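What follows is a set of notes on a single structure, which appears directly below.
The values are calculated or read from the model by the stated rules, or taken from the named source; none is laboratory data. Please read all numbers here as calculations on a predicted model, not as lab measurements. As a convention, Cβ positions derive from the backbone with ideal geometry for all residues, glycine included, and neighbour counts pool all protein chains shown.
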Amino acid sequence: MTALDDVLDGFTPYPAEFAERYRAAGHWRGETFGRMLRERAAAHGERIAVVDPGGHSVAAGERRWTYAELDRRADRMAAGLLARGVRAGDRVVVQLPNAAEFFEVVFALFRIGALPVFALPAHRYAEISHFCSFTGAVAYVVPGVEGGFDHRELAGRVRAENPALRLVLVAGEDPGEHVRLADVPCDVPGDVPCDVPCDGAGPAREPAPGDVAFLQLSGGSTGVPKLIPRTHDDYIYSLRGSVELCALDGRSVYLCVLPAAHNFPLSSPGSLGTLYAGGRVVLCPQPNPETAFPLIAREGVTITGLVPPLALLWLDAAERGARGYESLEVLLVGGAKFSTEAARRVRPVLGCTLQQVFGMAEGLVNYTRLDDPEELITTTQGRPISPDDEVRVVDDRDRDLPDGTTGHLLTRGPYTIRGYWNAPGHNADSFTPDGFYRTGDLVRRLPGGHLVVEGRAKDQINRGGEKVAAEEIENHLLAHPAVHDAAVVSMPDPYLGERTCAYVVIRAEHRERPPKGVELKRFVRQCGLADYKVPDRVEFVDAFPATGIGKVRKKDLRAAIATSLTRS
Ligand code: OOB
């Protein structure tokens, strides 16, 4: 089996009649990312595409790359990766901070037809080793020491455990035992000495629009994060739609504040949407107003996207007199519910239009429209990009509910996946037999089609936009010798919206000298889990409230912790 066969094998394609419909409607236009960049470089090569102010582990100084330079760099990086044995269909885990190299690497992989697997900078051993082994990744791209953490060391460990992982590329000066990313680019495939088996062959064929372009991560509600296969055609359609709804054009300057690999800053409209529109992407090394505001002023940023806690931080800073944000025309807020109260402050305080975004890496993205009445902008999470996005709001037995009633959101459409990659068991639960994705979100639809997010049915905590799958954390807690049972639930938080609370039942034989909450937190962190997944609070109980069939009543646990927080 070739790597391409592997990818196809795990992929649930759009049924032919749907694919035809999406093509006929002009949604899927046969574009690919590789060609998109080539065309933009041909159309306006001298325009600046990416500004990286530096100040991170990858580069100290500023870089400003034109479209022509990004295009040329992607070609040379692609040639270098080919020379080192990376092939079409190969999976490559990419974990970079908001640095220009992110785009160089990702477009190079798109050109080869190799699939980036988008890891977040916060991911640690538990996540990375899963991505590498589950995808059979051949390469892993990391910064050196970023945010005090040595990614090279982690990469060494993961490489030792995964024979398929042949290449670790380090962006930054000191690669340690690995290869410097900056040493990879070359002019002609095969003209650099290889330290990995290499047959010198070029790509088998140019990537096709219907091919899987990359694997995105799901927020998840299960033990390990699932992978989301997105095609060139479907993703580029979501970009084009986003560009239109956010009114992006060649004059737009997008500030990428959130981690570049996340679906929101990547594509809603994000940096890829901005490049699609011929605009300029400015990478923000830190999301705080002290870093972002001067950058906005210096670069004339017109649009950016934030999760609600950051939007609150920016609003507070502006109210306290911080300046620099004045060129902003549109502020997108999404990833978690933005309170109406905060939403109402955006225009008066920041002087720009708020655009709420309710999206998911699996596909469907909803936006409030720039010309919606202020009431819809501040009280709803928008409506779908596409007239061909099918949205159903249903009860527990999948029966459709009338507008105005809260129910489960199901969706199907021209940029929503039909299945997770290589996950037949999960797919049976996450999709209806006729291909609707069960989002796990509880929504209410207004007569005009706008959706209001009312809650969640999935077993997930939305920690200010960062998703934590309860089961994943419970499994780690259960590995502790003193833990008999664990149930992780959300608790309200004024800043993040939600935080995580782990309820724990200690084993009888450990009750005399039970571990403290901090010990359990440390234990979870030592499992190598991303920091944001470590429980914020641990509560000990003798037993969990249970339903008639013995399932833990998480609703009661959520209510209990919420009550005890209001009392304290
Ligand atoms: C975005 O993507 P994911 O995959 O990290 O998370 C998706 C989930 C949604 O199912 C929903 O539960 C929640 O995040 N969510 C929101 C929301 N936006 C996302 N909940 C309430 N209000 C919102 N505005 O988070 C994402 C992807 C693309 C664009 C924007 C966000």
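Side notes on the structure shown:
- Taken together, the criteria place Arg73 among residues that are among the charged types (D, E, K, R) and more than 30 Å from Pro433 (Cβ to Cβ).
- Residue ID - surrounded by the fewest Cβ atoms within 10 Å (Cβ to Cβ), chosen from residues in the range 351-397 that are free of Cβ contacts under 8 Å to residues at least 60 places away in the same chain and aliphatic (A, V, I, L, M): Val394
- Scan of the range 9-47 for residues that are of a type in the set (A, V, I, L, M) and touching a residue at least 12 places away in the same chain (Cβ under 8 Å), ordered by number: Ala19, Ala25, Met36, Leu37, Ala41, Ala43
- Some residue of the range 339-350 being touching a helix residue (DSSP H, G or I) at 6+ places or on another chain (Cβ under 9 Å), within 30 Å of Arg21 (Cα to Cα) and touching a residue at least 12 places away in the same chain (Cβ under 8 Å): no
- For the condition farther than 19 Å from Ala260 by Cα and either of a type outside the set (Val, Ile, Thr) or modelled with pLDDT under 95 (or both), Asp71 does not qualify.
- Single residue of the range 125-153 satisfying the filter (acidic (Asp, Glu) and not in a strand (DSSP E or B)) that is surrounded by the fewest Cβ atoms within 10 Å (Cβ to Cβ): Glu153
- Residue in the range 270-284 that is out of contact with any strand residue (DSSP E or B) (no Cβ under 7 Å at 6 or more places or on another chain) and of a type in the set (D, E, K, R) present: no
- Long-range neighbours under 6 Å by Cβ, at least six apart or interchain, first residue buried (at least 24 other Cβ atoms within 10 Å of the Cβ) within the range 76-102, second hydroxyl-bearing (Ser, Thr, Tyr) and in a helix (DSSP H, G or I): Arg91/Thr135
- Gly55 under 29 Å from Gly172 (Cα atoms) and not in a helix (DSSP H, G or I): yes
- A Cβ distance below 9 Å, combined with a sequence gap of six or more or placement on separate chains, defines the contacts here; from the range 438-460, residues that are farther than 22 Å from Ile473 by Cβ reach residues that are acidic (Asp, Glu) and within 7 Å of the ligand (Cβ to nearest atom) in the pairs Leu451/Asp441; Val453/Asp441; Glu454/Asp441.
- Screening the range 332-400 for strands (runs of 3 or more DSSP E) wholly inside it with 3 or more residues that are under 18 Å from the mean Cα position of the chain (by Cα) returns the ranges 353-360, 363-367.
- Positions within the range 419-447 being small (Gly, Ala, Ser) and touching a Lys or Arg at 6+ places or on another chain (Cβ under 7 Å), in sequence order: Ala423, Ser430, Gly435, Gly440
- Screening Leu312, Leu306 for residues that are within 13 Å of the ligand (Cβ to nearest atom), buried (at least 21 other Cβ atoms within 10 Å of the Cβ) and in contact (Cβ under 8 Å) with a residue 40 or more places away in the chain leaves exactly one candidate, Leu306.
- Qualifying position, being modelled with pLDDT of 95 or more, under 29 Å from Gly136 (Cβ atoms) and within 14 Å of the ligand (Cβ to nearest atom), among Leu239, Leu245: Leu239
- Some residue of the range 203-215 being at pLDDT 95 or above, surrounded by 14 or more Cβ atoms within 10 Å (Cβ to Cβ), within 16 Å of the ligand (Cβ to nearest atom) and part of a helix (DSSP H, G or I): no
- Which numbered condition Arg444 fails, given (1) in a loop (DSSP other than H, G, I, E, B); (2) charged (D, E, K, R); (3) over 24 Å from the mean Cα position of the chain (by Cα): (1)
- Verdict on Asp71 being among the acidic types (Asp, Glu) and surrounded by fewer than 24 Cβ atoms within 10 Å (Cβ to Cβ): yes
- Top-ranked residue in the range 269-304 [being of a type in the set (Gly, Ala, Ser) and in contact with a Cys (Cβ under 8 Å, 6 or more places away or on another chain); ranked as nearest to Gly324 (Cα to Cα)]: Ala292
- Taking the criterion of being in contact with a helix residue (DSSP H, G or I) (Cβ under 9 Å, 6 or more places away or on another chain), more than 16 Å from the ligand (Cβ to nearest atom) and farther than 13 Å from Ala343 by Cα, the only residue of the range 371-397 that qualifies is Asp388.
- Counting only helices (runs of 4 or more DSSP H) that sit completely within the range 258-299, those holding 1 or more residues that are more than 16 Å from the ligand (Cβ to nearest atom) and in contact with an Asp or Glu (Cβ under 6 Å, 6 or more places away or on another chain) correspond to 270-277.
- When restricted to residues that are closer than 30 Å to Leu154 by Cα and either part of a helix (DSSP H, G or I) or among the β-branched types (Val, Ile, Thr) (or both), the range 520-567 contains 12.
- Members of the range 413-429 that are more than 18 Å from Gly382 (Cβ to Cβ), in contact (Cβ under 8 Å) with a residue 12 or more places away in the chain and either touching a strand residue (DSSP E or B) at 6+ places or on another chain (Cβ under 8 Å) or of a type in the set (A, V, I, L, M, F, W, C) (or both): Ile417, Arg418, Gly419, Tyr420, Trp421, Asn422, Ala423
- Looking only at the range 68-98, residues that are touching a Cys at 6+ places or on another chain (Cβ under 9 Å) and part of a loop (DSSP other than H, G, I, E, B) come to 3 in all.
- Filtered residues of the range 520-552 (kept if surrounded by fewer than 15 Cβ atoms within 10 Å (Cβ to Cβ) and either more than 30 Å from Glu146 (Cα to Cα) or without any contact (Cβ under 8 Å) to a residue 24 or more places away in the chain (or both)): Arg522, Gln526, Val541, Asp542, Ala543, Ala546, Thr547, Gly548, Ile549, Gly550, Lys551
- When residues of the range 499-519 are limited to those that are part of a loop (DSSP other than H, G, I, E, B) and surrounded by fewer than 18 Cβ atoms within 10 Å (Cβ to Cβ), the one farthest from the chain's Cα centre (by Cα): Glu512
- Filtering the range 427-443 to residues that are within 12 Å of the ligand (Cβ to nearest atom) and out of contact with any helix residue (DSSP H, G or I) (no Cβ under 6 Å at 6 or more places or on another chain) leaves Ser430, Tyr437, Thr439, Gly440, Asp441, Leu442, Val443.
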